[in-house]
């Protein structure tokens, strides 16, 4: 490679071939650009190391703080890098406006979905849709948010309760526990589909159990047993943190007494259905319900209370006529 003077400009010749549009100034800009990229890459690595926190499920407060600090700092670094590169390559404002306009138009057409995803990312960063560690349903994927980048959200998938099994996609886990699959969802989904957040403002969820009791059974005694079993494993008003209680009251108008387990009757064709509504921790419904069912079953057996099942009553039998060979 040699440098050759040509008039007022200095060009670059490689193996005897003059490189059009490539001069010493351009080479300096390229080297400076490489240096900037390496410098910002190093800053990004230092930032990631400084804000690294142990990821746990449910997510601990320090992990959330580290995550959002890293996201905001990354955006600041990206903006600074873009400004630095623009300053290096464009020394004329009018020239930059022309080139920038053409590039923007081309990028908008070619990378429409990527731009939509990044716009959604900026909306998510407000924290009003979901945060790292939240349990959500996004784009038909249920689970806990474990990572977020400018284009995708990474979710640790969970199974579905029996009442949700018909929802897509199908899973083989019959409860809100992890399936082991890690799913990535395009951030742009939030513009087309609703996002369901289990834990955005309150680290608890309501759940229900249903116990069928025969009409000739002792339903009042059964109700007391069920309520006692549920109360032992559900979240009580005394367990709710003071800040959560105030938030629940001010934002949703729900008093603490309203979270105590309550029983409701439903009369069906075959039995009395006792439904009990209660509050549990957001990551503990299946474990809590398992303990409730075990206590209820044990108490029912001790009290001689039966659990109803589907039965059919035949009220009339049509006459039967048997034809065959008669004995000799």
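The values are calculated or read from the model by the stated rules, or taken from the named source; none is laboratory data. These figures come from a predicted structure and were not determined experimentally. A quick note on method: Cβ atoms are made from the backbone with ideal geometry, for glycine too, and the neighbour counts reach across all protein chains shown.
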Check: If only one of 184, 153, 116 is exposed (fewer than 15 other Cβ atoms within 10 Å of the Cβ), modelled with pLDDT of 85 or more, closer than 24 Å to residue 77 by Cβ and in contact with a strand residue (DSSP E or B) (Cβ under 9 Å, 6 or more places away or on another chain), which one is it?
Finding: 184
Next item on the list: Give the residue, chosen from 254, 274, that is surrounded by 10 or more Cβ atoms within 10 Å (Cβ to Cβ), in contact with a helix residue (DSSP H, G or I) (Cβ under 6 Å, 6 or more places away or on another chain) and modelled with pLDDT under 85.
Entry: 254
Note to self: Among the residues in the stretch 202-221, are any surrounded by 14 or more Cβ atoms within 10 Å (Cβ to Cβ), more than 30 Å from residue 145 (Cβ to Cβ) and without any contact (Cβ under 8 Å) to a residue 60 or more places away in the chain?
What the structure shows: yes
Next item on the list: Name the single residue, out of those in the stretch 173-193 being touching a residue at least 24 places away in the same chain (Cβ under 8 Å) and in a loop (DSSP other than H, G, I, E, B), that is farthest from residue 113 (Cα to Cα).
Entry: 175
Checklist line | The listed residue being at pLDDT below 85 and at negative phi, out of 142, 135, 176 | finding: 176
Notebook entry, point to check: Are there any pairs, at least 6 apart or on different chains, whose C-beta atoms fall under 8 Å, with the first in the stretch 23-52 and over 28 Å from residue 70 (Cα atoms) and assigned by TED's automatic domain parsing to the domain that holds residue 72 and the second part of a helix (DSSP H, G or I) and modelled with pLDDT under 75, and if so, which?
Noted result: 29/88; 29/89
Margin query: Need pairs with beta-carbon distance below 8 Å; first residue in contact (Cβ under 8 Å) with a residue 24 or more places away in the chain and not assigned by TED's automatic domain parsing to the domain that holds residue 158 and within the stretch 281-293, second part of a helix (DSSP H, G or I) and surrounded by fewer than 18 Cβ atoms within 10 Å (Cβ to Cβ); sequence gap 6+ or separate chains.
Written below: 291/232; 292/232
